[in-house]
1. List pairs: first in region B:60-74 and touching a residue at least 60 places away in the same chain (Cβ under 8 Å), second part of a loop (DSSP other than H, G, I, E, B) and of a type outside the set (S, T, N, Q), Cβ under 8 Å, 6+ apart or cross-chain?
2. Given the structure, is B:Leu72 closer than 24 Å to B:Leu134 by Cα, surrounded by 14 or more Cβ atoms within 10 Å (Cβ to Cβ), within 15 Å of DNA strand C (Cβ to nearest atom) and within 14 Å of chain A (Cβ to nearest Cβ)?
3. When region A:1-59 is examined, which residues are found to be more than 13 Å from DNA strand C (Cβ to nearest atom), within 14 Å of chain B (Cβ to nearest Cβ) and within 12 Å of A:Tyr78 (Cβ to Cβ)?
4. What number goes with the only condition from (1) over 15 Å from the mean Cα position of the chain (by Cα); (2) in contact (Cβ under 8 Å) with a residue 12 or more places away in the chain that B:Val25 does not pass?
5. Kindly establish whether A:Arg13 is of a type outside the set (A, V, I, L, M) and modelled with pLDDT of 95 or more.
6. Filter region B:71-84 for residues that are under 23 Å from A:Ala76 (Cβ atoms) and out of contact with any Leu (no Cβ under 9 Å at 6 or more places or on another chain) and give the result.
7. With the requirement that a residue be buried (at least 17 other Cβ atoms within 10 Å of the Cβ) and more than 14 Å from DNA strand D (Cβ to nearest atom), what does region A:38-55 give you?
Number of protein chains: 2
Amino acid sequence: MNNNQQFEYLLKRHQLKRTEPRLRVLSLLSAKSVATSQPDLESVIGDVDRVTLYRILSAFEEKGIIHKVFDLNGTANYALCSSDCAEHDHHDEHLHFNCTSCKKVYCLDDLDVQPVKLPAGFKVETFSLSATGLCPKCNNKEA
Amino acid sequence: MNNNQQFEYLLKRHQLKRTEPRLRVLSLLSAKSVATSQPDLESVIGDVDRVTLYRILSAFEEKGIIHKVFDLNGTANYALCSSDCAEHDHHDEHLHFNCTSCKKVYCLDDLDVQPVKLPAGFKVETFSLSATGLCPKCNNKEA
DNA sequence: AATAAAATGCAATAATGTTGCATTTGCGGT
DNA sequence: ACCGCAAATGCAACATTATTGCATTTTATT
């Protein structure tokens, strides 16, 4: 099963129609290990309306196909959820690393994050740990 | 020493001039336990230019007087750093709780967050744990 | 009181995100 | 293979949040 077939299956599974723009978004996001900003997506996706892109992204987010994180500029970035995220309940307990230099957001899935006890009254849905600093690339450049 | 004197001292300590708009910002932020969004500040601060507000906030952020977090809408929210934050190095290792209903951001300072080991190459400056869910107020309303 | 540096206000503009509506398209049923 | 409907798209207009340049005012210091 190639990538494209996987994407089509993914759409079908979530009752989303198989459209060109959606396949492109999936293909773009799956190609990157860092979260991609809306503007970045917009600039590379080609002939797709800005509004359509917004709507695709929020549809995907609702279905649990992707998740959204904000970078240090406050702009939305998107990344595919790890494989089993859609089946169970959207668990984003991974670490987001925000690079202060290039502003990229890295999703580091396989670190275990200790859940923390909150004061009474708060009802927690998801946890996520985020760190800021320099990513390997920018760290090298500065050295 | 009353509040206002504290604020004036704080400004002086950071080589910032004592101005009316700055004192108002400090006073507004110190009165709240939740982070305040730029729009919220703008609407209550009175006769201060929008641009001035932005500049005050970023000046305060640079000096380590306040810190900035993004809420679930991606808009910037600001909160005073806890007392000793300015002296040492800006340590925001506290938990931010984002309410999915009212979109407020709560800063919960006194929970201990376990730092996590990152893959080699990343140079971490700050950690912060964030959780999403319902805050006590909204939790009550829904029940 | 005079001065220099800093802070403010205003105008213009940029970037990001949203809404309403007409048109097109995917896809299930026949 | 065709029909029809719901869903998705594209377009236009608009809303919100943030930034930049420059003239004016204010603070703090001498």
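The values are calculated or read from the model by the stated rules, or taken from the named source; none is laboratory data. None of the values given here were measured: they were computed from a predicted structure. Glycine gets a Cβ as well: all are built from the backbone with ideal geometry, and neighbour counts include every protein chain shown.
1. Pairs that qualify, where the first residue is touching a residue at least 60 places away in the same chain (Cβ under 8 Å) and the partner is part of a loop (DSSP other than H, G, I, E, B) and of a type outside the set (S, T, N, Q), are B:Leu72/B:Lys103.
2. Values: closer than 24 Å to B:Leu134 by Cα: yes; surrounded by 14 or more Cβ atoms within 10 Å (Cβ to Cβ): yes; within 15 Å of DNA strand C (Cβ to nearest atom): yes; within 14 Å of chain A (Cβ to nearest Cβ): yes.
Criteria met by B:Leu72.
3. Passing the criteria: only A:Val34.
4. So B:Val25 meets the others, but not (1).
5. Considered against the rule, which asks whether it is of a type outside the set (A, V, I, L, M) and modelled with pLDDT of 95 or more, A:Arg13 comes out as no.
6. Filtering region B:71-84 for residues under 23 Å from A:Ala76 (Cβ atoms) gives B:71-79.
B:Asp71, B:Leu72, B:Asn73, B:Gly74, B:Thr75, B:Asn77, listed by residue number.
7. A:Asp40
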